Amino acid sequence: YIWTQKNYSYFIDIAIDNMIIKQVHYIIEFTSEKIFPKPNESKDNILQNQQKYIKDYIRKNADDLKKLKVIFYIIAYRFDDLKDKFLMELLAYNDNIEVFKKIPLEKSSYSWSGSLLPIIEQRIKSLENIKSNLNGSKYIEHRNYLDSLINKKREEKRQQRIREYLENIYN
């Protein structure tokens, strides 16, 4: 209901300040579901309002690392498919590499059944997509940082492949 009101951003600011910023990060996933519910198909304006709110929030808080971390955790859990777009929005206002390094680029927890390899592969692909959007000399450090994350994920994938192979042999 709040997302359909003209002054939705006022109420969402209050909700974020009281329900998320003052909480521990591991509960962001659950709290953000209450503030940013997935609208049903007939409520396109709600999704548009949520995306507009996030863009405005990033712009207004581009220099506040604590708030940026919170909104990017929310993005990771609720709007992962739009993460690249929101990262580019942030970089338009603040391209500081140190801030970029501290922004959560993925969820802090996952659940799965079976092999972990598809999740790791998806995380690698996501980082590669982010990197592909960072063009120009302005983002050399950002791309190098992403390369280091991608290499860590590839090593994690290699180690996981070995673990799963050994588990299959001994089980």
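Observations
- Remark: Asp64 matches the filter, which requires a residue to be among the acidic types (Asp, Glu) and either without any contact (Cβ under 8 Å) to a residue 12 or more places away in the chain or under 30 Å from Glu167 (Cα atoms) (or both).
- Asn151 at pLDDT 95 or above and either loosely packed, with under 15 Cβ neighbours inside 10 Å or part of a loop (DSSP other than H, G, I, E, B) (or both): yes
- Residue pairs meeting the criteria (Cβ under 7 Å; at least 6 apart or on separate chains; first without any contact (Cβ under 8 Å) to a residue 40 or more places away in the chain and open to solvent by less than 70 Å² (accessible area, probe 1.4 Å), in the range 97-115; second among the aromatic types (Phe, Trp, Tyr) and assigned to a helix (DSSP H, G or I)): Ile103/Phe72; Pro104/Phe72; Pro104/Tyr73
Condition check ((1) under 26 Å from Ile12 (Cα atoms); (2) in contact with a helix residue (DSSP H, G or I) (Cβ under 6 Å, 6 or more places away or on another chain); (3) of a type outside the set (S, T, N, Q)) across all residues:
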site	(1), (2), (3)
Lys69	yes, no, yes
Ile75	yes, yes, yes
Phe79	yes, no, yes
Trp112	no, yes, yes
Arg123	no, yes, yes
Leu146	no, yes, yes
Gln159	no, no, no
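- Qualifying residue in the range 80-90 (condition: surrounded by fewer than 19 Cβ atoms within 10 Å (Cβ to Cβ), without any contact (Cβ under 8 Å) to a residue 24 or more places away in the chain and part of a helix (DSSP H, G or I)): yes
The values are calculated or read from the model by the stated rules, or taken from the named source; none is laboratory data. The structure displayed is predicted, hence computed values, not measured ones. Heads up, the Cβs are rebuilt from the backbone with ideal geometry, glycines too, and the neighbour counts pull from every protein chain shown. The protein model used for the area step is the full one, side chains on, heavy atoms only, and it has no ligands, DNA or RNA in it. Shrake-Rupley method; radii C 1.70, N 1.55, O 1.52, S 1.80 Å.
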